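To keep things clear, I will list the structure first and then write my remarks on it.
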Amino acid sequence: MPIILKKYPSKHLEVYIPEDLEPSLRQHVLSVLPDPTRTVAPEKAQVLKSAHQRLVLRLPAGRSHPSLIAKMFPLRKVSSMLRYRKYAYREFLNGERARRRGIAAPIPYGYFHARWLGLVQGSGLITNDLTGYKDISQLSEEKGDFLAAATLAIPAIVAQYNAGIYHGDFRDANLMIAPGSTDGSDYSLIDWQYASYVKPRQEWLLEHLCAFFITKSPRKHQETLLREGLARVHTAAQPDIPLIVLQQRVERLMRKKMSTRRRLQLTPA
């Protein structure tokens with residue numbers, strides 16, 4: 001069943017929230033919405049990430065509701081407004097679609113944008129707060145062992161393989177592990193701006209997931225991930241190809257320099 005969005009007027013913004021969102025939570029979301037055109041955090045909000053055309057905030061909790069996460073894409077230049085790519089809207093839809101296929105992802109509570117003379121000046125996405133979660137890179141720093149932390153990615157790899165989903169930026173920083181999860185099975189995948197959806201358990205899907213994750217890992221660990229890491233993935237995923245074939249295809253993909261668009265096409269190695 002497709003998600004039904006309802007438009008709400010709020011603070012000169014166009015806000016779209018799932019129609020079935022609990023009313024008090026909806027009011028809380030509307031009350032804390034930040035201005036997506038700003039590049040600085042509002043009062044009481046915590047900056048989690050700040051980069052070019054991107055600002056991620058933790059918004060304060062309400063009386064009966066927990067804190068929220070706002071991910072915003074402020075556009076400073078008119079040229080950027082003219083090339084508006086609906087990042088927040090795509091991330092909202094991709095995250096919801098992934099969740100419906102059984103992939104753990106933040107709960108999307110809505111998306112919003114501000115316009116000026118018909119042009120979008122900034123857009124944003126509101127989700128639940130993954131309080132206490134840590135990404136693979138953070139866990140590797142705590143453990144002092146990237147390879148041990150990287151094995152926690154295996155459940156997320158297998159889940160995407162079984163569901164037929166390719167997260168377009170599947171790297172250590174976008175895989176959040178819940179507190180106390182020693183095997184990585186309690187996870188949440190963030191940053192869903194880019195994703196592909198295919199028939200489940202396609203060999204080339206598994207190859208692309210592994211190749212991108214290893215490519216974005218520290219270079220000094222890549223050879224070990226190709227040997228030992230892929231062996232563990234092969235055991236967990238049980239693909240219909242031998243381990244040596246999986247390793248050869250992943251290594252071949254790693255040598256290719258592909259754009260995001262080409263990767264999303266999931267061309268076999």
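The values are calculated or read from the model by the stated rules, or taken from the named source; none is laboratory data. Everything numeric here is computed off the predicted structure, so don't read it as measured data. We place every Cβ from the backbone using ideal geometry, glycine too, and count neighbours over all the protein chains shown.
Quick rundown of the values:
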{"item": "Conditions (1) among the charged types (D, E, K, R); (2) assigned to a loop (DSSP other than H, G, I, E, B); (3) under 22 Å from Ser137 (Cα atoms); number of the one not met by Lys220", "result": "(2)"}
{"item": "Residues that are among the hydrophobic types (A, V, I, L, M, F, W, C) and either more than 12 Å from the chain's Cα centre (by Cα) or not assigned by TED's automatic domain parsing to the domain that holds Pro18 (or both), drawn from the stretch 91-122", "result": "Phe112, Ala114, Trp116, Leu117, Leu119, Val120"}
{"item": "Residue list for the stretch 117-166, filter: of a type in the set (Asp, Glu) and touching a helix residue (DSSP H, G or I) at 6+ places or on another chain (Cβ under 7 Å)", "result": "Asp135"}
{"item": "Met254 surrounded by 14 or more Cβ atoms within 10 Å (Cβ to Cβ), within 23 Å of the chain's Cα centre (by Cα), more than 25 Å from Gly184 (Cα to Cα) and not acidic (Asp, Glu)", "result": "no"}
{"item": "Ala88 within 15 Å of the chain's Cα centre (by Cα), assigned to a helix (DSSP H, G or I) and aliphatic (A, V, I, L, M)", "result": "yes"}
{"item": "Output for the stretch 102-141, where each listed residue is charged (D, E, K, R) and not in a strand (DSSP E or B)", "result": "Asp129, Glu141"}
{"item": "Residues that are surrounded by 16 or more Cβ atoms within 10 Å (Cβ to Cβ), in contact with a helix residue (DSSP H, G or I) (Cβ under 8 Å, 6 or more places away or on another chain) and assigned to a helix (DSSP H, G or I), drawn from the stretch 172-202", "result": "Asp172"}
